[in-house]
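Notes follow once the structure below has been shown.
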Amino acid sequence: MSEIFSNVPAIKYEGPDSKNPFAFKYYDPEKVILGKKMKEHLPFAMAWWHNLGANGVDMFGRGTIDKRFGAAEEGTMEHAKAKVDAGIEFMQKLGIEYYCFHDVDLVPEADDINETNRRLDELTDYLKEKTEGTNIKCLWGTANMFSNPRFMNGAGSTNDVDVYCFAAAQVKKAIELTVKLGGRGYVFWGGREGYETLLNTEVKLEQENIANLMRMARDYGRSIGFEGTFLIEPKPKEPMKHQYDYDAATAIGFLRQYGLDKDFKMNIEANHATLAGHTFQHELRISRINDMLGSIDANQGDVMLGWDTDCFPSNVYDTTLAMYEIVKNGGLPVGINFDSKNRRPSNTYEDMFHAFILGMDSFAFGLIKAAEIIEDGRLEGFVDKKYESFSTELGQKIRKGETTLEELAARAAELKAPKNPISGQQEYLESVLNNIVLSGIK
Ligand code: XUL
Ligand code: CO
C-alpha cells in the first residue's frame, strides 16, 4: 500500500508556541486532565462522508478536491478500497481512533439492493482486515435514507409501504455492519423525516411509523449482540422545511412517548443546534439533564449563513462551553465525530490535515478551559449562591413537591413583598469566562 499523504508527517503535540502547521498546539493525547487522559475525554472520529467523500461539489459548481486517492475512477470498488487505505493512513497520522459511516459512503450504491449489500460485505471485510492490529474502529454507523430518490417522501415517514421496507432493509444491514466493525453507536438522522407542506401530510401516521422503525431497529440490534447506544441526531430543517427531530427537547419527548428512551440517546450536532435557534451548549445541557447525552457531531455554522455549513470548529468559547457540559456529563458514551468538511477552495490533502488539527485543537483547548472553569469555581459558585434559597427548609419542601398553593400564598401574605431579587451578574460572569479562556495554557 503506497503512502497517499506523503507530504504530511505524523502529527505530534508541540505546544502553543509551536509554529509548525503540522503539529498540535493544544491536543496532547497523553496529558491528564481531571484524572483522565485527553484522548479518553476526546474520542475523536473521522466522518467517512466528508473526509473521504466530499469533493467540494455544491449546488453551483463541480468538485474542486481530488478524492480518488490513487484509484483510476470514482464510484468503483477500487475507489472504495482506496478510500479505506487513505482513511487509515489519515487517522493514523492524526492519532484518531474512530470513524463514522453511512452505508453508501462505503461503496457505490447499485440499482439492486442485493448487489449493494454484497459490495458492503466485501468492503467491510477489507476494512476489517486492514484495521486489524491497529487501534482504529467504528464509532457509529448509520443508513443513508435521504439521498436515494426512493426516499423523496420520507424513509420511516414515507407514504409507501415498499419504500418503508427499503428503509428497514438498509437499517438492518447498517446495524449488522456497525456490529461487525465494533461500533459504539447507531445513529438515526432524519433528513427526509418531515414535511414540505401539511396539505399532503399525515403527521401522526408518519411519526408512529418512524417510532416503529426505531423499535424494530432496537429489537434487531439487541438480538444480534449490539450493546451500544442508539442515537437520534436532531435537526430542525434542511433538507425538509420541517423535520420531526427538531431539537433535543422534541426528540427526547418523542423517545419517551414511544418507550424508546432506555435504548436511545442524543447525538448533538453544533450546526443543527444553531439552525434550531439554540446554542450548542443549550442542546447539550437539555440532553445532559435528561440523561440523554450520547455523542456529538463536532462542527460549527457560520453566523452569516442560515444553513448547515459543517465548518470545522474554531470557536473556542463554544468548544469550552461544550466540553464543560460533556465533562459534567461524565464524558460521552459514544464520542466526538467531526461532521465537518473543508471549504471548497481548501482543495489539497494538506488542507484535510489542517482542518482536523484545527478541530482537535479547538476541542482540546475547550477541555483544558472547561476543567479550569470547574477548578476555578467562580461560575459554579455563583450559580449555587443564586439558588441558595432553595436549600432552606421551605425551598427543600418546594423541591420535593410537598407544598400547596395555599401554604405558599400564606407566606407571601406574611412577607407582604419579597426582598429585592439578587442580580444575575451576567456581565461579571462573562468577564470571568473571558478571564479563564484568555489566561493561556498552564
Ligand atoms: C446532516 C448530518 C448527517 C448525519 C448523519 O446534516 O449531520 O451527516 O450526521 O446522517
Ligand atoms: Co451530523
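The values are calculated or read from the model by the stated rules, or taken from the named source; none is laboratory data. Fair warning: this is a prediction, and the values are worked out from it, not measured in the lab. As a convention, Cβ positions derive from the backbone with ideal geometry for all residues, glycine included, and neighbour counts pool all protein chains shown. Ligands, DNA and RNA are excluded from the accessible area calculation, which covers all protein heavy atoms including side chains. Shrake-Rupley method; radii C 1.70, N 1.55, O 1.52, S 1.80 Å.
Ranking Leu198, Tyr244, Ile113 by how far each Cα lies toward the positive end of the dipole of the chain (charges on Cβ) leaves Tyr244 at the top.
If the segment from Asn159 to Leu415 were pulled out straight at 0.36 nm per residue, it would be longer than the present Cα-Cα gap by 86.1 nm. Helix 426-437 and the longest principal axis of the Cα set of the chain meet at an angle near 50°.
Against the chain, whose longest principal axis comes from its Cα atoms, helix 405-415 is set at around 50 degrees. When you count the other C-beta atoms within 10 angstrom of each residue and take the mean per peptide, 294-300, 186-192 line up highest first as 294-300, 186-192. With all protein chains kept in place, the per residue accessible area of the chain amounts to 48 square angstrom at a probe of 1.4 angstrom. Heavy-atom surface analysis with a 1.4 Å probe gives the chain a carbon and sulfur content of 52 percent of its accessible area. Give me the angle, in degrees from 0 to 90, between the Cα long axis of helix 280-289 and the longest principal axis of the Cα atoms of the chain, rounded to the nearest 10. Taking the Cα atoms of the chain, the angle to 280-289 is about 70 degrees.
Beta-bridge orientation, the chain: approximately 15 percent antiparallel, per DSSP, counting only bridges with both partners inside. Packing around the peptides 397-408, 28-39, 55-66, 328-339, taken as the average count of other Cβ atoms within 10 Å per residue, puts them in this order, highest first: 328-339, 28-39, 55-66, 397-408.
Modelled label positions at Ile374 and Thr404, each set 7 Å beyond Cα in the direction of Cβ, lie 4.4 nm from each other.
Under 16 Å of direct C-alpha separation, and excluding same-chain neighbours fewer than eight residues apart, Lys419 reaches these lysines: Lys385, Lys386. Cross-link partners among lysines for Lys341, C-alpha distance below 19 Å, same-chain residues fewer than 8 apart left out? Here the lysines satisfying the reach criterion relative to Lys341 are Lys67, Lys83, Lys93, Lys235. What percentage of all Cα-Cα pairs in region 1-113 are separated by more than 24 Å? Within region 1-113, distances greater than 24 Å cover 38 percent of Cα pairs. Multiplying the residue separation of Ala23 and Asn200 by 0.36 nm and removing their Cα-Cα distance gives an extension gain of 58.4 nm.
Residue separation of Met152 and Arg118 scaled by 0.36 nm, minus their Cα-Cα distance, works out to 9.8 nm of gained length. When peptides 354-361, 20-27, 68-75 are ranked by their average number of other Cβ atoms within 10 Å per residue, the highest-first order is 354-361, 20-27, 68-75.
Projected label points at Met77 and Ser389, each 7 Å from Cα along the beta carbon direction, are separated by 7.1 nanometres. Only Cα sites of the chain enter the Debye sum here, all with the same form factor; the resulting log10 I(q)/I(0) across q = 0.11 1/Å is -0.90, listed in q order.
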